[in-house]
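Working notes, structure below.
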Amino acid sequence: MAMQRWALADVSHVLIDQQTLADRVRELGEAISRDYEGREIRAVAVLKGAVIFLADLSRYLSVPVSFDFMAITSYGHSTETSGVVRIIKDLDESIEDRHVLIVEDIVDTGLTLKYLLEILETRQPASLRVCTLLDKAGRRRAPVPIHYRGFSIPNEFVVGYGLDRAGLYRNVPYIFVVREDAADGEAARGGGR
Ligand code: PRP
């Protein structure tokens, strides 16, 4: 049983369980499919956290969809985005005249997304929207538009379903809050949101 298998030492409590995630991801997929009827979506995800969400969400999209990926790194402190971002891997394809949907696992300070929106906007997509699974609005430092939001979450250290702790736990099928004593040392190691 999945929950048993993932009875992890770092878990404080489960914030969003597997069924709740699945239900909400399906709702988002259906809403996006309705809104984009007659159009083709270019889903753009930022590696690595958004990959799990994109994989599940895309299976509920009933309109044509293609994928592209970016990898970026932020300078400065490891658990908080500095806002100064460098592209490590750019998109493979042009997005000009495409209906671009940015798919994120979490919007935290909003600085990554703000930067991304600025860059992609200059490439003249037909439209540009944002879908994020998690919204930690209490931490926002840059106002960013969110068109599709899975869950608003409190300012807690969350891991699982794409989100990592020191590179691990992205494959955990639910979202959990990390135990406070485990989270304390996190800034030194990197990862986690
Ligand atoms: C996460 C997430 C967003 C960003 C959001 O990625 O996927 O891209 O942080 O944070 P912000 O709103 O404060 O800018 P992360 O840097 O943890 O990389 P990862 O996806 O490879 O884990």
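The condition (being open to solvent by less than 60 Å² (accessible area, probe 1.4 Å), outside any helix (DSSP H, G or I), out of contact with any helix residue (DSSP H, G or I) (no Cβ under 8 Å at 6 or more places or on another chain) and of a type outside the set (Lys, Arg)) is satisfied by just one residue among 33, 94, 66: 66. Each residue in segment 119-135 was checked for being basic (Lys, Arg) and either open to solvent by less than 30 Å² (accessible area, probe 1.4 Å) or within 14 Å of the ligand (Cβ to nearest atom) (or both), and 0 of them qualify.
For every residue, the table says whether it meets (1) touching a Leu at 6+ places or on another chain (Cβ under 8 Å); (2) without any contact (Cβ under 8 Å) to a residue 12 or more places away in the chain; (3) of a type outside the set (A, V, I, L, M).
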| residue | (1), (2), (3) |
| --- | --- |
| 45 | yes, no, no |
| 61 | no, no, no |
| 68 | yes, no, yes |
| 146 | no, no, no |
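When segment 24-76 is filtered for residues that are over 23 Å from residue 86 (Cβ atoms), among the β-branched types (Val, Ile, Thr) and under 12 Å from the mean Cα position of the chain (by Cα), only 52 remains.
Mind listing just one residue for me: the one in segment 136-165 that is crowded, with 16+ Cβ neighbours inside 10 Å and touching a helix residue (DSSP H, G or I) at 6+ places or on another chain (Cβ under 6 Å) and, of those, farthest from residue 27 (Cα to Cα)? Per the stated criteria, the residue is 157.
The values are calculated or read from the model by the stated rules, or taken from the named source; none is laboratory data. Values in this document were obtained by computation on a predicted structure and should not be read as measured data. Every residue, glycine among them, receives a Cβ derived from its backbone with ideal geometry; neighbour counts consider all protein chains shown. Side chains included, ligands, DNA and RNA excluded: accessible areas come from the protein's heavy atoms. Shrake-Rupley method; radii C 1.70, N 1.55, O 1.52, S 1.80 Å.
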